[in-house]
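What follows is one structure encoded as structure tokens, with my remarks underneath.
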Amino acid sequence: MAEALPFKTSMDFAYGEPRVLAPGVRRIVANNPSPFTFKGTNTYLIGTESLAVIDPGPDDPAHLASILAAAGARPIAYIVITHTHRDHTAGMPALLAKTDTAIAARRAAAGARALRAASTSNGTSFRTCACRTAIGWPARAGH
């Protein structure tokens, strides 16, 4: 019998509460646990002066409120969509309605759901603080 692969099954989080992972990087976990999303979809806020939101998450008013509260007075300048699974993108229309934001999405994803999409390729970068963040798309998107 093959040895079982060890999976990390614990996370230090509270739903809707931003957790600082590194300077200028915060994670908010959506309250949509499932076998597909594990504890819930991770939404990341990157930046200090203005923000990029990576994967706005599900269409959930509480999750949207958490994103906007974590942003505070800082503008959300970018929404980055890693792939078009609904658990990552369904909250995008509500976030767009509250912000004047550009969307960065893979070319394939741009036509699928991104309303104001800026189709991007590897190496595309954006500035949200004193540093520049470069986007590197994997060969295959998904979980």
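We did not get these values from a lab; they are worked out from the coordinates using the rules stated. For clarity, every value in this text was computed on a predicted model and none was experimentally measured. Note that we place each Cβ from the backbone using ideal geometry, even for glycine, and neighbour counts take in every protein chain shown.
What the table shows:
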quantity: Difference of contour (0.36 nm per residue) and Cα-Cα distance, Val25 to Met11; calculated: 3.4 nm
quantity: Cβ-based exposure ranking for Leu51, Leu64, in which fewest neighbours within 10 Å come first; calculated: Leu64, Leu51
